[in-house]
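In what follows, a structure is listed as structure tokens, so that the remarks can point back to it.
The values are calculated or read from the model by the stated rules, or taken from the named source; none is laboratory data. Because the structure is predicted, anything quoted here is derived from the model rather than measured. As a convention, Cβ positions derive from the backbone with ideal geometry for all residues, glycine included, and neighbour counts pool all protein chains shown. Remember, those area values only see protein heavy atoms, side chains included, never the ligands or the DNA or RNA. Shrake-Rupley method; radii C 1.70, N 1.55, O 1.52, S 1.80 Å.
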Amino acid sequence: MKEGKYLDEFFKYLNYEKHYSSATIDSYKGDLGEYFLYFQRNNKSILNVKHDDISAYLSMLNERKNNNATVCRKLSALRSFYKYLLNNGIVDNNPFVGIKQPKKDKKLPRFFNYNELEEMFNVPDLRTPIGQRDRLILEMLYATGVRVSELINIKCDDIRGREIKILGKGNKERYVEFGDYANEILELYLRDGYKQLNKKDSKYLFLNKNYTKLSDRGVRLILDKIIEQTSINKNISPHMLRHSFATHLLNEGCDLLSVQQLLGHSSLSATAIYTHVTTDRIKEVYFKTHPRAKK
């Protein structure tokens, strides 16, 4: 079917020309696949979509209890797809241009308190290669604020002194710094645990028990096991360490623009959500400490 061919060509375009990450492309595939199937079941072509068709599709998403953030993501994927079709002369117009985005639900980033991080840092056994690696994962995620997808792709050659070259979203390079705690564990791991894990002469820093590059899912499983050995009672994710990095920097007086650059955000608006967290912290400190804040 021609329409399926256009989808395949679009995904190749995202991969080879736009250099989107595999995770982003998989997200697009899911959203566009659902959209394609909806119109296929209704015997309609996605190349001849009207505003009434889009309204019906959005109503279906609403009936399936998709939240506003999910709908916004799906609309973004669909706009991009039809923009691609329009630019390649496959359709005459982009039917999603006039469709309004629903307001995203404000969801503040969840983060760890420093005492929770300390408890997590003390779990890995530094006498073992795996323990050294796991402690370094925690230290590097918190010290640099990198995404898990960026962490697992760090190569030993990317590290220069206390600086790491990171290949972020859209293949954009940036440099992140790390301090004494992370450096101490890094040196231990490189002279001991890494040598025992690197039996296949890998170029990557973080390796698994099979001596190959650690996966995104592997990092999540490691963090789950660490949390199980603590008193922390939270639904957690590796991204919370990135949130903790940003929140703690802002709480200590770092400016928003610097945090944006360290996180690798292309837009300051993506970083601005952390200011809500720090504002709440400022209010809390004020009412606890100001002598005339309470009677």
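With n ≥ 4 as the cut-off for DSSP H runs, can you work out [θ] at 222 nm for the chain, using -39500 (n - 2.57) per run divided by the number of residues, rounded to the nearest 500? Please list the in-between numbers first.
Details: 13 runs with 169 residues, N = 295.
Theoretical 222 nm ellipticity from helices: -18000 deg cm²/dmol.
Using just the Cα positions, wrap the range 54-181 in a convex hull and report its mean projected area in square nanometres, one decimal place. If you can, show how the numbers build up before the last one.
Working: hull surface 50.2 nm².
So the Cα hull casts an average projection of 12.5 nm².
Restricting things to alpha carbons, tell me how big the range 63-110 is in terms of Rg and Dmax, in Å.
Cα only, the range 63-110: 13.6, 44 Å (Rg, Dmax).
Mind checking Rg over Rh on the chain, alpha carbons, Kirkwood formula for Rh?
Values: Rg = 22.9 Å, Rh = 22.1 Å.
Checking Rg against Rh, the ratio lands at 1.04.
Might you work out the accessible area of residue 166 for me, using a 1.4 Å probe with all protein chains in place, and round it to the nearest 10 Å²?
0 Å²
To the nearest 20 Debye, how big is the dipole of the range 153-270 about its Cα centre, given +1 on the beta carbon of each Lys and Arg and -1 on that of each Asp and Glu? Don't jump to the answer; show the numbers that get you there.
Numbers: 19 positive and 15 negative charges, 132 e Å.
About 640 debye.
Given the pairs 103/169; 12/165; 12/209; 29/213; 50/172, which are separated by over 30 angstrom at their Cα positions?
On the way: 103/169 25 Å; 12/165 27 Å; 12/209 33 Å; 29/213 25 Å; 50/172 37 Å.
Over 30 Å Cα-Cα: 12/209; 50/172.
Kindly state, to the nearest 0.05, the FRET efficiency for residue 156 paired with residue 234, given R0 = 25 Å and r defined as their beta-carbon distance. Can you show the working numbers first?
Values: r = 33 Å, r/R0 = 1.32.
Taking R0 as 25 Å, the efficiency between residue 156 and residue 234 is 0.15.
Mind grabbing the accessible area of residue 157 for me, 1.4 Å probe, Å², rounded to tens?
Estimated to the nearest 10 Å², residue 157 gives 120 Å².
What FRET efficiency comes out for the pair residue 191/residue 113, r = Cβ-Cβ distance, R0 = 35 Å, nearest 0.05? All intermediate terms of the calculation are to be shown ahead of the outcome.
Values: r = 32 Å, r/R0 = 0.92.
Here the calculated transfer efficiency is 0.60.
Could you name the aspartates and glutamates whose alpha carbon sits less than 18 Å from that of residue 195, not counting residues in the same chain fewer than 8 places away?
Result set, ordered by chain and number: 125, 134, 157, 158, 184, 187.
Which of 262, 76, 198 sits farthest toward the positive end of the charge dipole of the chain, with +1 on the Cβ of Lys and Arg and -1 on the Cβ of Asp and Glu?
Among 262, 76, 198, the one farthest towards the positive end of the dipole of the chain is 76.
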